[in-house]
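K.L.:
I'd like to ask you about the structure that follows.
What follows draws every value from the coordinates through simple rules; no lab data is involved. It should be emphasised that the depicted structure is a prediction, and the values quoted were computed from it without experimental measurement. When we count neighbours, we look across all protein chains shown, and the Cβ atoms used for this are built from the backbone with ideal geometry, even at glycine.
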Amino acid sequence: MQKVLLLGGSYFQIPSITTAKRLGYYAITCDYLPDNPGHKYADEYHNVSTTDKEAVLALAKQLNVDGVVCYASDPAATTAAYVCEAMGFPTSPYKSVEILSNKDKFRAFLAANGFNTPRAKGYAYDEFDRMLEEINQFKFPLMVKPVDSSGSKGVRKIGRVDELKDAVDGAMKYSRCKRFIIEEYVEKYGPQIAGDGFSVDGRLVFRCFANEHFETSGINPYVPIGESFPYIMPPSTHQKVHDEIQRLLTALNMGTQAYNFDIRIDADENVYLMEIGPRNGGNLIPQVTKYATGVDMVEYTIKAAMGVSCDDLHMVEPKGYWACYVVHSQSSGVLKGVELDEKFRAENVVEFDMHYAQGDRVSSFVGSNGTLGMMILKFSSQDEMLDKMNNMSRYVKVIVEPIQNIGGGGGMIF
């Protein structure tokens, strides 16, 4: 039986583990969190950090695996490419994956190759003073981000120079390499574009664009609370975005693999590739995509890693109206319950899974690590989809009690 090493065992990575086993492979997981729920689905687990490239390479050699998979994890993407390249497994070039996984390298690459991209520059934490000397080169408002974080953690929009120190300090909490990027803010026209795609030998053969939804009044308005399908702009816009992604994949000499998109267009329909993650999306995006198109991108990700041909994959337009929604709280405390509108539950909820139980301590939604649970939703029309996704607090209420107010009682409603 062939062995596949899967980097990570979080909730969002469970589909890759179960799919690998369904396809007949011996599934081995690794990360530094032995209590991650995915490991119980694997045949074998090893306590090795997915960001330690040399340790994962040593493990892959020791176990004599036949392929390595990075699924729904930005930090593990470069590790997977590094190990695959070293062992002669199918992969996109390590240097290209590194560019896509590093915000300052990605912005510099886009600028050097003639793509639309905001003015941006990366700095080490100890280069703060130099950044201040150069700040007059930038036009406010600015986005401050860790160069290597995921899930919108540490991201902040600022309008004044005196906000920079707090924003940079916040970004550094989520940067492994202790670097941050400042970039000019891009005003979007229509919804931000999310969704996933897949290339075969560098050719983008499948993509399913989505509308990204945010809670603008939330504690971090730059963390997505969900994605809805299909993307509502006209087919010509879809094709324009597709072509720009293809131009990037060609420039980077990418191979056969999945991608996660964060893209904006402006009022003139200029395409800005904000992030092209070299991995499948989280938030159950591949699962919603399968409902909408019938295409199982998890299966193709496993096949690609194991050297199985993906030549049969082709473009399928989504049918119906679908979404994934992140159950979350704007405050930290103890989870007391989640209340669903009964009509919404009956007509719209396809899948609903909570990661936390009544009485658990939960964190506010400052990043994707504040996800309390996930829903997959269906709708009867585009208007219903957009209205409900933009007003989810009417239909889903998360009840969290501050720590100091904890008493007895309270039931959880799912």
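K.L.:
Viscosity 0.692 mPa s, temperature 37 °C: give me the Stokes-Einstein translational D for the range 247-309 in µm²/s, with Rh taken as the Kirkwood radius over C-alpha pairs.
P.N.:
Rounded to a whole number, D works out at 246 µm²/s.
K.L.:
Determine, for GLU44, GLU98, GLU317, the number of other Cβ atoms within 10 Å of each Cβ, and report the residues in order from fewest to most.
P.N.:
Ordered by Cβ neighbours within 10 Å, fewest first: GLU317, GLU44, GLU98.
K.L.:
Using the Karplus equation 6.51 cos²θ - 1.76 cosθ + 1.60 (θ = phi - 60°), what ³J(HN,Hα) coupling, rounded to whole Hz, does each residue of the range 345-356 give in order, writing x for Gly and Pro?
P.N.:
Those phi angles translate into 4, 6, 9, 10, 7, 9, 9, 8, 9, 8, 8, 10 Hz.
K.L.:
Compute the normalised compactness of the range 3-89: alpha-carbon radius of gyration over 2.2 N^0.38 Å, N being the residue count.
P.N.:
In units of the 2.2 N^0.38 Å rule of thumb, it is 0.93.
K.L.:
Would you work out which of PHE128, SER175, SER152 lies farthest towards the positive end of the dipole of the range 119-184, given +1 charges on the beta-carbon of Lys and Arg and -1 on that of Asp and Glu, about the Cα centre?
P.N.:
My answer, from the dipole projection, is SER152.
K.L.:
Please report Rg (one decimal) and Dmax (integer) in Å for the Cα set of the range 193-403.
P.N.:
For the range 193-403, the Cα radius of gyration and maximum Cα-Cα distance read 17.9, 54 Å.
K.L.:
May I ask you to derive the relative contact order of the chain, considering only C-alpha pairs under 8 Å and at least 6 residues apart, and to give it as an integer percent?
P.N.:
14
K.L.:
Arrange ARG361, ARG264 by Cβ neighbour counts within 10 Å, fewest through most, would you?
P.N.:
If I rank by nearby Cβ atoms, fewest first, I get ARG361, ARG264.
K.L.:
A follow-up question, please. May I ask you to derive the relative contact order of the range 119-184, considering only C-alpha pairs under 8 Å and at least 6 residues apart, and to give it as an integer percent?
P.N.:
46
K.L.:
When you take every Cα atom in the chain, what is the radius of gyration, and what is Dmax, the widest Cα pair distance, in Å?
P.N.:
21.0, 61
K.L.:
Taking amide hydrogens as modeled 1.01 Å from N in the peptide plane, which residues meet the under 5 Å criterion relative to VAL400, leaving out close sequence neighbours?
P.N.:
Counting only residues 5 or more places away or on other chains, the set is LYS336.
K.L.:
What is the fewest-to-most order of VAL65, VAL295 by other Cβ atoms lying within 10 Å of their Cβ?
P.N.:
Sorted ascending by nearby Cβ count, the order is VAL295, VAL65.
K.L.:
Based on the Kirkwood radius over alpha-carbon pairs, what is the Stokes-Einstein translational diffusion coefficient of the range 90-238 at 20 °C with 1.002 mPa s viscosity, in µm²/s?
P.N.:
Rounded to a whole number, D works out at 126 µm²/s.
K.L.:
Taking just the C-alpha trace of the range 71-140, give me its Rg and Dmax in Å.
P.N.:
15.6, 47
K.L.:
How high is the relative contact order of the range 193-403, given as a whole-number percent (alpha carbon pairs under 8 Å, six or more residues apart)?
P.N.:
Once normalised by length, the contact order is 22 percent.
K.L.:
Run the numbers for LYS95 and GLU317: contour at 0.36 nm per residue of separation, minus the present Cα-Cα distance, in nm.
P.N.:
That works out to 76.7 nm of additional length.
K.L.:
OK, next. Using the Karplus equation 6.51 cos²θ - 1.76 cosθ + 1.60 (θ = phi - 60°), what ³J(HN,Hα) coupling, rounded to whole Hz, does each residue of the range 119-133 give in order, writing x for Gly and Pro?
P.N.:
4, 8, 7, x, 9, 6, 4, 7, 9, 4, 5, 5, 4, 4, 5
K.L.:
Further, regarding this structure: If you put +1 on each Lys and Arg Cβ and -1 on each Asp and Glu Cβ, how big is the dipole of the chain around its Cα centre, in Debye rounded to 20?
P.N.:
The calculation lands at about 300 debye.
K.L.:
Using +1 on the beta carbon of Lys and Arg, -1 on that of Asp and Glu, and nothing else charged, what's the dipole of the range 3-89 about the Cα centre, debye to 20?
P.N.:
Dipole size: approximately 260 debye.
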